[in-house]
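Asks: This is the structure, below, for whatever I ask next.
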Amino acid sequence: MAKCKFFLLLLILFAPFSLMAAEAHVHGVATMQLALDDSMLHLNLSSPLDSLLGFEHQPRTEKQKAAVRHMADQLHQAERLFQPTVAARCTLKTYSLESPVLETGKHKEHDHKGHEHEGHDHADLNAEFVFYCAKPNELRDLEVNLFTYFPGLLRLKTEAATPRGQSAAILTPSKRRIAW
Ligand SMILES: [Zn+2]
């Protein structure tokens, strides 16, 4: 059993994104990897824009531009979206949002790939949120409230790697907590 866990840990540490990245872009679904590294809790979220925004092209109408702003506003309030175990006393340190529809921030130009034929291709949002936890040993779970703010999101595939162990779970609007 110990050996098996060690192997799992290696797999997660050395192939952090390959497992998830291999999964197709599916509307309504997003993926998130959670890793606790000393006191720092890293959450890496990857979602089709459709799951968060309802469309994936550059916003054209005022309504679409407002939808993009609304999405960004929600993501800027990560402490509402993600609630780690209270006793661990985690606070948001940094975050970055990356998507072709976001003009500012850490958006990279080369992420425009696949957008030559606007309206026919897919686009994602990739975000990283980093929390500092004063009592990381107390960290046992994470409540994910993305479903409240993004009704287009139906499933969130999660993987967690912490010194206490690893776990994987599929969260839904009625199952919002990942524990390890
Ligand atoms: Zn798509």
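Here, each number is a calculation from the coordinates, and none is a lab measurement. The model shown is predicted, which means the values in this text are computed figures rather than measured ones. Cβ sites come from the backbone with ideal geometry, for glycine too, and all protein chains shown count toward neighbours.
Asks: Going by how many other beta carbons lie within 10 Å of each one, how would you line up SER51, SER174, fewest first? If you can, show how the numbers build up before the last one.
Replies: Details: SER51 24, SER174 6.
Result, fewest neighbours first: SER174, SER51.
Asks: Students often get this wrong, so check it: of LYS63/LYS175; LYS135/LYS157; LYS63/LYS93, which have C-alpha atoms separated by over 28 Å?
Replies: Working: LYS63/LYS175 31 Å; LYS135/LYS157 26 Å; LYS63/LYS93 32 Å.
Over 28 Å Cα-Cα: LYS63/LYS175; LYS63/LYS93.
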